[in-house]
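Have a look at the structure below, then the notes.
The values are calculated or read from the model by the stated rules, or taken from the named source; none is laboratory data. If you're wondering where the values come from, they're calculated on a predicted model, not measured in any experiment. Backbone-built Cβ (ideal geometry, glycine too); neighbour counts: all protein chains shown.
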């Protein structure tokens with residue numbers, strides 16, 4: 001196994017708290033959340049920031065569990081696997097990255113939602129999130145639920161891309177950044 005990509009990321013971006021690639025289960029997500037809680041405690045991360053990290057991590061992991069497709073040609077079978085990395089950048093920000101394989105059909109559902117999420121400011125995100133919660137139509141069973149709005153509410157930057165693998169599949173990559181403001185840094189240390 002070549003871990004040079006992770007090593008390069010550590011050199012560029014800072015400390016990697018957690019990295020995992022493979023099959024996901026609810027039990028595994030729970031164990032990884034506990035590991036993140038320990039990291040937050042050891043590194044004296046404030047409660048607000050750590051809650052945002054945990055929520056984003058869980059939403060991204062749930063996304064991978066619910067929408068990751070198998071590598072077979074038909075891309076119909078859900079295979080709960082992907083890659084997730086949680087790191088602290090050299091500038092004190094926290095970065096949560098995830099990548100998984102999705103079908104063309106899922107791309108067509110998710111991409112418009114991600115474009116909408118990225119077009120909204122924080123206040124508009126909160127408003128849209130409340131509307132979707134009340135409406136109830138954007139549930140995981142229907143594809144690309146309101147979790148993307150929750151993620152965007154809790155981070156300072158969000159970016160995504162979908163890289164074509166073949167005519168049936170795409171890599172879906174989301175990168176979120178939580179920036180630590182100077183006031184919080186001063187108060188915490």
Original post:
Counting residues that are loosely packed, with under 12 Cβ neighbours inside 10 Å and either modelled with pLDDT of 75 or more or touching a helix residue (DSSP H, G or I) at 6+ places or on another chain (Cβ under 8 Å) (or both), which helices (runs of 4 or more DSSP H) fully inside segment 1-83 reach at least 3?
Top reply: 26-42
Original post:
Among the residues of segment 87-129, how many are closer than 13 Å to residue 149 by Cβ and either crowded, with 16+ Cβ neighbours inside 10 Å or at pLDDT below 90 (or both)?
Top reply: 8
